[in-house]
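This report refers to the structure that appears directly beneath it.
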Amino acid sequence: MPTDRADVSLAVAVGDAPVDLAAGDLVDVYAVPDPTLTGPGRPGRADLLLEAVPVLTVRGGVALGDAAQQVVVGLDDSAFTGPRGDLEDVLGTLAQGSPVLVRVGG
């Protein structure tokens, strides 16, 4: 389903995003498969789902005693990469693993 703009909230484990991540940063979003789904000794491959998406807000994190932080990213049609061409595909993939955020763009 194409979309003009969507704000998507991600629950990101502490350690799966830069410690100083802040609104305005650009991130690539990877999905790392749940190891219970890939089997012992067979780590799954991380998939790049979204490229250079802006971080809108960051809440929580280890400084506040949380095990995860809420990161809201803004998406438009240019954010989707590879065969995962729409929001439904991205959300379905994330439901089977965990998001990892990598800051890009200096």
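The values are calculated or read from the model by the stated rules, or taken from the named source; none is laboratory data. Just so we're clear, the structure is a prediction, and the values are computed from it rather than from any experiment. A quick note on method: Cβ atoms are made from the backbone with ideal geometry, for glycine too, and the neighbour counts reach across all protein chains shown.
Only one of the numbered conditions (1) under 12 Å from the mean Cα position of the chain (by Cα); (2) at pLDDT 90 or above; (3) farther than 11 Å from Ser9 by Cβ is violated by Val104, and that is (1). Selection of first residues in segment 50-70 that are at pLDDT 90 or above and of second residues that are among the acidic types (Asp, Glu), restricted to Cβ pairs under 8 Å at least 6 apart or on distinct chains, gives the following pairs, ordered by first then second residue: Leu50/Asp28; Glu51/Asp28; Ala52/Asp28; Val53/Asp28; Pro54/Asp25; Val55/Asp25; Leu56/Asp7. Output the residues belonging to segment 71-95 that are in a loop (DSSP other than H, G, I, E, B) and either under 13 Å from Val29 (Cα atoms) or modelled with pLDDT under 85 (or both). Answer for segment 71-95, where residues must be in a loop (DSSP other than H, G, I, E, B) and either under 13 Å from Val29 (Cα atoms) or modelled with pLDDT under 85 (or both): Asp76, Thr81, Gly82, Pro83, Arg84, Gly85, Asp86.
Selection of segment 1-31 for residues being at pLDDT below 90 and either of a type in the set (A, V, I, L, M, F, W, C) or part of a strand (DSSP E or B) (or both) yields Met1, Ala6, Val14.
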